[in-house]
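Peer 1: Take a look at this one; I'll ask things after.
The values are calculated or read from the model by the stated rules, or taken from the named source; none is laboratory data. As the structure is a prediction and not an experimental result, all values here were calculated from the model. Here the Cβ positions follow ideal geometry from the backbone for every residue, glycine too, while neighbour counts run over all protein chains shown.
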Amino acid sequence: MSPLAESPTVARRPRGGHVLTSSARTRRTNTSDADVVIVGAGLAGLAAAHHLTSAGLAVVVLEAQSHVGGRMATDHVDGFRLDRGAGLLCSDWPELAGLPGLGLGSALALRPFTPGALMRTGDRCLPVGDLRAGTGRHARAVRQGREGRQGRVPYPYSYAYQMRSTKQALSAARSFGGGRGLGRTARTTRTTMSDALDLARLRAGFARLANTPAERLRARAELPAGEALSARGLPTRTADTLVGPLLAALLCDPELTTSSRVADLALRSFVRSGLCLPAGGASTLPELLAAGLPKGTVRRGVRATSVAANAVNTDGHGVLGCRAALIATGARDAARLLPGLRVPDFHPVTVLHHAAQEPPMTAPALVVDADRHGPVSHTWVTSAVDPSRARPDRTLISSVVLGPAAADPVGPLDKAARTQLAELYGVPTDRWELLRSHHDPRAVPAMPTPHDGRRPVRVLCGLYVCGDHRDTSSTQGALSSARRAAVEVLRDFGLRTAGVGERELLAVA
Ligand SMILES: Cc1cc2nc3c(=O)[nH]c(=O)nc-3n(C[C@H](O)[C@H](O)[C@H](O)COP(=O)(O)OP(=O)(O)OC[C@H]3O[C@@H](n4cnc5c(N)ncnc54)[C@H](O)[C@@H]3O)c2cc1C
């Protein structure tokens with residue numbers, strides 16, 4: 001048994017209600033710089049630091065970059081706030097609400113996309129996934145987030161109801177844009193009867209999905225998401241033009257090789273809560289977390305070069321003694337520090353940010369190119385979703401490129417994207433200014449079958465690892481892995497873990 005596990009469990013109760021052992025405290029002050037050294041101040045590292053400091057432990061977080069947030073960074077350029085990632089969140093992700101400092105009533109404001117997504121196919125624009133549309137009793141309940149008798153949101157699924165609310169959603173899609181761009185184009189297009197039927201069927205399916213407990217989805221047979229769409233009897237047209245492109249956008253996976261369990265959970269979150277962006281930029285989340293930590297916890301510009309259970313070596317900043325080390329870097333950096341750790345494949349992503357004089361549409365909607373006739377998978381008018389991200393006199397449009405095209409040189413990529421965006425929004429784009437493009441070849445760890453959404457986070461007593469690659473490849477996954485790692489650390493320290501929530505928080509994409 002390790003010395004940490006042997007520590008007597010008596011002593012005082014620090015903030016957070018955990019029991020900190022007296023011998024453990026003495027050992028830290030005598031021989032260590034911190035109880036726990038965390039490597040990496042991305043979302044996972046900062047969340048873990050919150051859990052551990054709330055339990056009364058002394059924590060140091062080392063961050064190689066000059067800023068916190070890792071892949072959730074935001075560049076400030078000429079009055080614009082430009083995310084390096086896409087930063088799309090689902091407000092029903094349990095980890096978001098459960099995190100100290102980010103829960104209800106915190107400084108974090110989420111800006112919703114409404115309606116869920118607009119699928120552009122041919123000359124049509126079909127709204128999908130917004131179960132909150134409509135004026136009926138059920139839609140109102142979904143909008144207000146009211147819970148049903150058994151703790152469920154009472155989603156409607158009768159065919160008649162879906163037909164009615166589909167009509168409402170379609171007319172809402174036509175009126176979006178206030179006569180501009182996408183709105184004007186959509187208003188002039190005819191929505192066919194078969195579109196309406198497809199959408200009604202889809203909304204009924206989504207409603208059932210929204211009401212299915214996550215555990216049931218996780219127990220379903222696991223296939224690549226693309227295969228699962230046809231295996232489940234979804235009409236080819238619906239799968240190809242509606243659900244497939246939407247899933248590709250949600251998972252950053254145009255080939256849909258992701259595990260169908262992860263895909264189901266991602267879709268479920270989408271239909272339950274829709275998508276949103278953190279106000280002020282993706283970096284708001286990690287910055288709020290960092291600001292909530294005790295002063296001096298985060299040390300920026302310090303790169304860890306090797307890690308052991310009792311010490312972390314750094315590049316030019318000496319050795320830090322500790323009782324435990326937690327590696328919270330991306331997958332590849334984690335494997336450098338912990339040789340033998342699995343490195344997954346990755347989905348590359350490029351994000352293009354354009355500025356325009358006029359908004360190409362006024363609706364805060366996610367526009368998905370269902371026909372995939374260019375490099376852009378999905379796009380949105382960022383300043384319509386979150387006005388704080390753009391100068392008042394300009395419009396900010398963000399677009400996401402997935403798959404091999406993401407690696408194309410910026411010049412040709414921007415040219416092809418502008419042509420496609422002109423068609424999607426129905427406005428000229430030649431005078432748009434490319435503010436920034438950000439390419440990340442390792443943006444999102446791939447999650448093919450079989451996917452283990454709860455990879456072990458405890459390497460051995462005193463050595464731990466967390467990050468999105470241990471869970472699901474998303475903000476929710478990074479936070480979930482951090483909580484699991486914090487629980488393991490506290491257990492090995494002989495401390496209570498109740499405050500961190502040992503409840504089974506679902507890793508929902
Ligand atoms: C382009 C793009 C689009 C995305 N779109 C979405 C999306 O729409 N929705 C969503 O939920 N997720 C999205 N993601 C994924 C999401 O950003 C990540 O899942 C999440 O940010 C991972 O957080 P993390 O803390 O696990 O890792 P990271 O954010 O990678 O943090 C790791 C940190 O460790 C630091 N580090 C590395 N090595 C060392 C070292 N040796 N010493 C000290 N520090 C070190 C790094 O500098 C970094 O700050 C996207 C990502 C990208 C890049």
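Peer 1: Scan the range 314-333 residue by residue and report those that are within 12 Å of the ligand (Cβ to nearest atom), within 16 Å of Val36 (Cβ to Cβ) and more than 31 Å from the chain's Cα centre (by Cα).
Peer 2: Leu320 - this is the single residue of the range 314-333 that is within 12 Å of the ligand (Cβ to nearest atom), within 16 Å of Val36 (Cβ to Cβ) and more than 31 Å from the chain's Cα centre (by Cα).
Peer 1: Which condition from (1) crowded, with 23+ Cβ neighbours inside 10 Å; (2) in contact with a strand residue (DSSP E or B) (Cβ under 6 Å, 6 or more places away or on another chain) is the one that Ala478 breaks?
Peer 2: It is condition (2) that Ala478 fails.
Peer 1: Kindly indicate whether any position in the range 337-352 is part of a helix (DSSP H, G or I), within 16 Å of the ligand (Cβ to nearest atom) and surrounded by fewer than 22 Cβ atoms within 10 Å (Cβ to Cβ). Don't jump to the end; show me each part of the working.
Peer 2: Step one: filter the range 337-352 for residues part of a helix (DSSP H, G or I), giving 337.
After this cut, where a residue has to be within 16 Å of the ligand (Cβ to nearest atom) as well, the list is 337.
If we keep only those that are surrounded by fewer than 22 Cβ atoms within 10 Å (Cβ to Cβ) as well, we get 337.
Yes, the range 337-352 contains a residue that is part of a helix (DSSP H, G or I), within 16 Å of the ligand (Cβ to nearest atom) and surrounded by fewer than 22 Cβ atoms within 10 Å (Cβ to Cβ).
Peer 1: Same structure again: Here are Val508, Val500, Val489: which of them is at pLDDT below 95, away from the ligand (no atom under 13 Å from the Cβ) and surrounded by 24 or more Cβ atoms within 10 Å (Cβ to Cβ)? Step through it out loud before you land on a result.
Peer 2: Details: Val508 fails: away from the ligand (no atom under 13 Å from the Cβ); Val489 fails: at pLDDT below 95.
Result: Val500 is the single residue among Val508, Val500, Val489 that is at pLDDT below 95, away from the ligand (no atom under 13 Å from the Cβ) and surrounded by 24 or more Cβ atoms within 10 Å (Cβ to Cβ).
Peer 1: Let me ask something additional. Considering only residues that are out of contact with any Gly (no Cβ under 9 Å at 6 or more places or on another chain) and outside any loop (DSSP other than H, G, I, E, B), look in the range 445-477 and name the one that is farthest from the ligand (Cβ to nearest atom).
Peer 2: So the residue we want is Leu460.
Peer 1: Further question on the same structure: If you take the residues in the range 48-67 that are within 12 Å of the ligand (Cβ to nearest atom) and either buried (at least 24 other Cβ atoms within 10 Å of the Cβ) or hydroxyl-bearing (Ser, Thr, Tyr) (or both), which one is nearest to Arg483 (Cα to Cα)? Steps first, answer last, please.
Peer 2: Of the range 48-67, the ones within 12 Å of the ligand (Cβ to nearest atom) are 48-49, 60-67.
Next cut, either buried (at least 24 other Cβ atoms within 10 Å of the Cβ) or hydroxyl-bearing (Ser, Thr, Tyr) (or both) only: 48-49, 61-63, 66.
Numbers: Ala48: 6, Ala49: 10, Val61: 16, Leu62: 18, Glu63: 19, Ser66: 25 Å.
Restricting to residues being within 12 Å of the ligand (Cβ to nearest atom) and either buried (at least 24 other Cβ atoms within 10 Å of the Cβ) or hydroxyl-bearing (Ser, Thr, Tyr) (or both), the top hit is Ala48.
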